[in-house]
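**Q** I have a structure here, written as structure tokens, and I will follow up with some questions on it.
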Amino acid sequence: MQTSKSFFSTIRADLPSSIVVALVALPLCLGVALASGAPLFAGLIAGIVGGIVVGALSGSPLSVSGPAAGLTVIVLTAIESMPSFQVFTLSVMLAGVLQLGFSLSRAGVLGEFVPSSVITGMLAAIGLILILKQIPHAVGYDADYEGSFEFSERNGENTFSALWNSLTGALTPGALLIGVACLLFLFWWDANKPKEGPLRFVPGPLVAVAIGVLGNLLLGAVMPAWQLGREHLVQVPLVDSLAQFPSLFSLPDFSAIGTGVVWTTAVTLAIVASLESLLSVKAIDELDPMRRTTDKNRELLAQGGGNFLSGLIGGLPVTSVIVRSSANVDSGAQSKLSTMLHGFWLLVSVSLIPTVLNLIPLAALAAVLIQTGYKLCKPKLFIDRWRQGWTQFVPFVVTIVAIVGTDLLKGIGIGLAVGFVFVVARNFRTAITFACEGDDCLVRARRNLYFIHKYELQKTLGRVPDDCDLLIDLSSTSYVDLDNIDIINAFIKNASFRGIRVTLRGDIAERTAALIDAPISGVRFA
């Protein structure tokens with residue numbers, strides 16, 4: 001982590017930010033657990049571990065980890081195929097061990113090969129999905145789980161049909177009133193938040209949640225028919241006493257460690273969770289106002305440690321997640337203290353005040369997420385990509401459409417494929433120039449030469465006339481692959497028979513002299 005500030009000097013910014021992230025994380029942890037077919041508390045365990053443990057181990061100043069919607073299908077399938085949830089948590093623990101191995105093998109470098117157009121497209125898509133998916137919750141239509149990113153929902157609806165049904169036939173007046181009031185307050189607070197005084201440290205989302213709780217209690221007093229029932233509120237698992245709280249945790253079933261399905265699930269979780277974390281961390285680095293760069297291999301180590309512990313105590317797998325991380329950035333967090341504190345708030349609140357948490361309307365939390373989504377997909381983002389040209393705009397838009405139309409993992413895969421097509425297409429642009437004046441000719445490589453440049457190099461060398469002085473200029477390159485060296489070598493061997501006097505220029509030419517069969521009569525290095 002690159003920062004000029006001491007760890008605790010950012011407490012004034014990180015403390016209110018951590019509260020906002022905890023409020024955002026609470027329904028998402030429960031929703032992901034519900035969608036995964038796991039005990040609800042397993043999602044909270046993952047959120048707590050993702051905050052405290054992964055936050056402490058990670059080098060990212062702003063990334064937040066927890067249970068991820070992108071893994072719900074994998075987790076649901078795995079749990080259904082195993083004899084017990086404790087067998088599944090063994091897979092989670094083993095996935096953490098594998099991620100530690102990925103870290104030691106320096107696999108984090110894979111995160112650096114993702115085009116920025118795909119990263120910004122992923123952020124914008126998540127913003128749009130948050131808006132589209134949270135509007136139904138804001139008006140009281142809670143058919144889909146909190147944190148869903150899939151286009152096709154498990155109740156037979158999709159993102160757009162659920163949105164239409166929520167607005168045309170399933171409005172809950174109390175939820176609509178609370179959702180609109182909270183949303184209006186959040187945008188007003190964003191524009192009018194005091195710059196000085198103690199109020200500047202007050203998190204807007206915390207006030208919005210308080211408005212939701214008090215508003216629903218007020219509806220119960222003045223208009224009981226509009227008061228929101230339990231199905232429209234947060235539902236944290238309850239125990240009869242604090243002494244029973246440890247019973248919500250469970251150890252894995254180690255007797256199943258030799259089972260094939262356990263290891264298959266572990267490998268799948270390790271790979272998918274690692275890729276999702278690398279993409280998320282890279283995206284959050286781009287959102288960071290200080291533009292700090294996260295050590296990706298250290299991030300894999302942190303995720304591995306988090307998954308090992310989460311599986312060991314009965315939690316879901318964790319990854320770095322965009323929604324909570326972007327809420328962290330938007331709230332003004334400056335260091336990973338915010339991430340760690342959010343995990344602490346989750347632990348304290350679910351153990352000490354679960355009944356208070358269960359008073360929070362989902363509509364109020366939906367308003368917070370809608371505002372977060374808007375900040376991720378502001379119109380300016382689309383305009384900026386348009387101005388950067390088609391090679392940036394097309395992968396950006398395709399990534400958005402693919403994620404919104406499928407799910408997060410498939411959409412990113414499609415976006416990456418299109419992004420790499422444009423990367424390859426850019427490399428197919430002219431990389432070699434040719435010029436002749438009298439008996440003096442020049443073949444110049446304008447950038448590194450890879451196998452995709454073989455045809456262009458052969459075609460250019462084929463234009464060189466007999467009985468001339470040829471300069472092959474490689475001074476602008478730092479790499480020429482063996483296929484192109486073979487082509488240059490073949491041309492040099494033939495040059496003496498055609499009366500062509502060849503000169504090679506550039507450090508790369510000197511370094512590869514042993515591969516280019518020199519010295520050959522008529523060939524020299526400049």
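**Q** Rounded, prolate or oblate: which one fits region 385-485, using the alpha carbon gyration tensor with axes a ≥ b ≥ c (rounded when a/c is under 1.5, else prolate when a/b beats b/c, else oblate)?
**A** prolate
**Q** By its C-alpha gyration tensor, with a ≥ b ≥ c as the square roots of the eigenvalues, how is region 121-240 shaped: rounded for a/c under 1.5, else prolate for a/b larger than b/c, else oblate? Don't skip to the end; give the middle numbers.
**A** Working: a/c = 1.79, a/b = 1.21, b/c = 1.49.
The shape class here is oblate.
**Q** Okay, next question. Per residue, how much accessible area does region 35-169 have with a 1.4 Å probe, in Å²? If you can, show how the numbers build up before the last one.
**A** Values: 4200 Å² over 135 residues.
Result: 31 Å² of accessible area for each residue.
**Q** At a Förster distance of 35 Å, what's the computed FRET efficiency of Leu242 paired with Phe201, Cβ-Cβ distance as r, to 0.05?
**A** The calculated FRET efficiency here is 0.70.
**Q** Would you mind calculating the gained length between Lys459 and Ser9 on full extension (0.36 nm times residue separation, minus the Cα-Cα distance), in nm to one decimal?
**A** That pair, Lys459 and Ser9, stretches by 155.8 nm at full extension.
**Q** Using Cα pairs under 8 angstrom and six or more residues apart, how large is the relative contact order of region 99-216, in percent?
**A** So the answer I get is 21 percent.
**Q** With a length cut of 18 Å (Cα positions projected on each helix's long axis) and a Kyte-Doolittle mean of at least -0.5, go through the chain and give me the DSSP H helices that pass. Can you show the working numbers first?
**A** Numbers: long enough: 11-35 (36 Å, 1.88); 85-104 (29 Å, 1.68); 116-138 (32 Å, 1.47); 173-192 (28 Å, 1.50); 204-222 (26 Å, 2.05); 260-287 (40 Å, 1.29); 296-312 (24 Å, -0.29); 337-352 (22 Å, 1.53); 362-376 (21 Å, 1.42); 390-405 (21 Å, 1.85); 408-427 (28 Å, 1.65); 482-498 (24 Å, 0.25).
Those that pass (Cα extent of 18 Å or more, hydropathy at least -0.5) are 11-35, 85-104, 116-138, 173-192, 204-222, 260-287, 296-312, 337-352, 362-376, 390-405, 408-427, 482-498.
**Q** Out of all Cα-Cα pairs in region 91-190, roughly what percent, to the nearest whole number, are more than 25 Å apart?
**A** Here the long-distance tail beyond 25 Å is 46 percent of all Cα pairs in region 91-190.
**Q** I've got another one for you. State which entries of Lys282/Lys375; Lys133/Lys336; Lys296/Lys336; Lys296/Lys378 exceed 20 angstrom in Cα-Cα distance in the structure shown.
**A** Over 20 Å apart, Cα to Cα: Lys133/Lys336; Lys296/Lys378.
**Q** For a quick protection proxy, order the peptides 95-107, 161-173, 360-372, 215-227 by their average other-Cβ count within 10 Å, most packed first.
**A** 360-372, 95-107, 161-173, 215-227
**Q** Mind checking Rg over Rh on region 15-101, alpha carbons, Kirkwood formula for Rh?
**A** For region 15-101, the value is 0.99.
**Q** When averaged across all projection directions, what area in nm² does the alpha-carbon convex hull of the chain cover?
**A** Reported value for the Cα convex hull: 30.7 nm².
**Q** Give the percent of DSSP beta bridges with both residues in the chain that are antiparallel, rounded to the nearest 5.
**A** Among the beta bridges of the chain, antiparallel pairing accounts for roughly 45 percent.
**Q** Taking 7 Å along the Cα-to-C-beta vector as the label spot, tell me the Val267-Leu40 distance in nanometres, rounded to one decimal.
**A** 3.7
**Q** When a/c is below 1.5 the answer is rounded, else prolate if a/b is larger than b/c, else oblate, so apply that to region 225-310 with a ≥ b ≥ c taken from the square roots of the Cα gyration tensor eigenvalues.
**A** Taking the square roots of the gyration eigenvalues as a ≥ b ≥ c, region 225-310 is oblate.
**Q** Okay, moving on. Taking the Cα centre of the chain as the origin, how large is its charge dipole in debye, to the nearest 20, when only Lys and Arg (+1) and Asp and Glu (-1) carry charge on their Cβ atoms? Can you show the working numbers first?
**A** Details: 36 positive and 37 negative charges, 194 e Å.
Result for the chain is approximately 940 debye, rounded to the nearest 20.
**Q** Given a Förster distance of 35 angstrom, what is the FRET efficiency for Arg230 paired with Arg387, based on the Cβ-Cβ distance and rounded to 0.05?
**A** 0.10
**Q** Under the 0.36 nm per residue contour assumption, what length would be gained going from the current alpha-carbon distance of Val356 and Ser105 to full extension? List each step's numbers first, then the result.
**A** Numbers: separation 251, 0.36 × 251 = 90.36 nm, distance 4.55 nm.
Additional length available on full extension: 85.8 nm.
**Q** When the accessible area of region 1-99 is computed with all protein chains present and a 1.4 Å probe, what percentage of it is carbon and sulfur?
**A** 69
**Q** Could you give the alpha-carbon Rg of region 212-275 over 2.2 N^0.38 Å, rounded to two decimals?
**A** Rounded to two decimals, the normalised Rg is 2.01.
**Q** Right, another one. Counting only protein heavy atoms and using a 1.4 Å probe, what share of the accessible area of region 257-307 belongs to carbon plus sulfur, as a whole percent?
**A** Exposed carbon and sulfur together represent 67 percent of the surface.
**Q** Using 10 Å bins from zero, what percent of all Cα-Cα pairs in region 40-149 falls into each bin?
**A** For region 40-149, the binned pair fractions read 11, 30, 39, 18, 1 percent.
**Q** Assuming R0 = 45 Å, can you tell me the calculated FRET efficiency for the pair Val423 and Ala56, based on Cβ-Cβ distance, to the nearest 0.05?
**A** With R0 = 45 Å, the Cβ-Cβ based efficiency is 0.80.
**Q** How long is the gain from Lys410 to Ser475 if the chain were fully straight, where each residue apart is worth 0.36 nm and the alpha carbon distance is subtracted? Working shown, then result.
**A** Details: separation 65, 0.36 × 65 = 23.40 nm, distance 4.18 nm.
Taking 0.36 nm per residue and subtracting the Cα distance, the gain is 19.2 nm.
**Q** OK, next. Using a simple spin-label model with points 7 Å from Cα along the Cα→Cβ vector, what separation in nm is obtained for Leu251 and Lys378?
**A** For Leu251 paired with Lys378, the spin-label model returns 5.2 nm.
**Q** When DSSP assigns beta bridges and you keep just the ones with both residues in region 316-474, what percent turn out antiparallel, to the nearest 5?
**A** 55
**Q** I've got another one for you. Using the eigenvalues of the Cα gyration tensor, what equivalent ellipsoid semi-axes result for region 223-370 when each is taken as the square root of five times the eigenvalue, whole Å, largest first?
**A** 29, 26, 15
**Q** Let me ask something else about it. Between beta-carbons, use under 14 Å as the cut-off and find the net charge around Thr72, counting Lys and Arg +1, Asp and Glu -1.
**A** Around Thr72, the surrounding residues sum to -4.
**Q** So what is the accessible area of region 440-514 per residue, in Å², with the probe set to 1.4 Å?
**A** That works out to 51 Å² per residue.
The values are calculated or read from the model by the stated rules, or taken from the named source; none is laboratory data. This is a predicted model, so every value here is computed, not measured. For neighbour counting, all protein chains shown are included, and Cβ atoms are generated from backbone atoms with ideal geometry for every residue, glycine included. Please note that ligands, DNA and RNA were not included when accessible areas were found on the heavy atoms of the full protein model with its side chains. Shrake-Rupley method; radii C 1.70, N 1.55, O 1.52, S 1.80 Å.
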